[in-house]
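Take a look at the structure set out below.
The values are calculated or read from the model by the stated rules, or taken from the named source; none is laboratory data. Worth saying up front: this structure is predicted, and the values here are computed from it rather than measured. Counting neighbours? That spans all protein chains shown, and the Cβs are built from the backbone with ideal geometry, glycine included. Surface areas here come from the heavy atoms of the whole protein model, side chains and all, with no ligands, DNA or RNA. Shrake-Rupley method; radii C 1.70, N 1.55, O 1.52, S 1.80 Å.
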Amino acid sequence: MNGVLFAALLVVWQEKSGGGDPTVLPQANAANSTNPTVVKDLDLAANAPLSTLNNKQRLSYDQWVTLLGQEMSIMAAKNPDHLTILLGDSLSLWFPTELLPGRRVWMNQGISGEKTHTLLTRLDSLNVADVDTIFLMIGINDLIWGQSDEQVIANYRDIMDYLSTHHPTTQIVVQSILPHGAETSTWESRELLLELPNERIRKMNQSLEEIAQDYDAHYLELYPIFSTGDGTLRSDLTTDGLHLNRQGYLVWRAAIALYSQLELP
């Protein structure tokens, strides 16, 4: 189904936008769907001293976890329909709120630098809410910073164990890890990327697809639409060979929108 999905994605993108903005896809088009409700920077002044900090990027990891937990509790009290969580690292964290597809109430629960084992320790913050769907992308930081494939896979299975146990009716969408730019990268720790072959990422994605199948979860293969012919991250979709620019998020948005329309009830 992922092959059909992305064939359709590319065809629609070409026909509707001439290869430009992929937000013209049906569900991503504001004319055809309600605007998404996004909770990313809640005004928590009455509830959370942490919110008095002007720059969230200065928060420590523990402060981030506390703040996201507070945001989740506030949203849980509202109990919206179709509550959807972006869960992962900086790639999820920096997803522009205005680009998230409609017909869902979105919460961004990404933390920069997140790894599989640290994500596992904070999943309990989701338990207060009735979550419809979780879009999960995690693992690139583990690979960059020396974690073995076996440990990443074990941690990933622990994550899926937890989610399937505590959120049995929630739709889990496992998203593939994206490629990096290799020699074209300008990221500050470029030397670490050069030590991580994109082929290893592709093999890890095969394992993630198998894990999704084992837990009766969804699998969204993003790697092909973000990669060049040699398997590296497309230079027109990235700021530094690792993180995405706006055009990259437009592509990701289109993939989420079309996948949701075709695969998620």
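Computed values, structure above
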{"read-out": "Average projected area [Cα convex hull, the range 204-259], square nanometres", "value": "4.3 nm²"}
{"read-out": "Förster radius 45 Å - calculated FRET efficiency between Thr184 and His82 (Cβ-Cβ, nearest 0.05)", "value": "0.70"}
{"read-out": "Accessible area in square angstrom per residue, the range 148-228, 1.4 angstrom probe", "value": "46 Å²"}
{"read-out": "Dipole in debye (nearest 20) - the range 152-213, about Cα centre, beta carbon charges: Lys, Arg +1; Asp, Glu -1", "value": "120 debye"}
{"read-out": "Fully extended contour minus Cα-Cα distance, from Ser73 to His117, at 0.36 nm per residue", "value": "13.6 nm"}
{"read-out": "Heavy-atom accessible surface of the range 74-219: percent carbon and sulfur, 1.4 Å", "value": "46 percent"}
{"read-out": "Net lengthening on full extension, Thr239/Asp62 (0.36 nm per residue, minus Cα-Cα)", "value": "61.0 nm"}
{"read-out": "Electrostatic dipole magnitude of the range 140-265 [Cβ: Lys, Arg +1; Asp, Glu -1; Cα centre; debye, to 20]", "value": "420 debye"}
{"read-out": "Relative contact order [Cα under 8 Å, 6+ residues apart], the range 172-244, whole percent", "value": "50 percent"}
{"read-out": "Scaled radius of gyration (Cα, divided by 2.2 N^0.38 Å) that the range 130-262 gives", "value": "1.07"}
{"read-out": "Local electrostatic count at Asp132 - Lys and Arg +1, Asp and Glu -1, tallied over other residues with Cβ under 12 Å", "value": "0"}
{"read-out": "Listed residue (Leu178, Val251, Ser207) projecting farthest to the positive dipole end of the range 113-265, Cβ model", "value": "Val251"}
{"read-out": "Zone residues, the range 163-187, relative to Asp216, backbone N less than 15 Å from point 7 Å out along Cα-to-Cβ", "value": "163-173"}
{"read-out": "Rounded accessible area per residue of the range 90-129, 1.4 Å, Å²", "value": "31 Å²"}
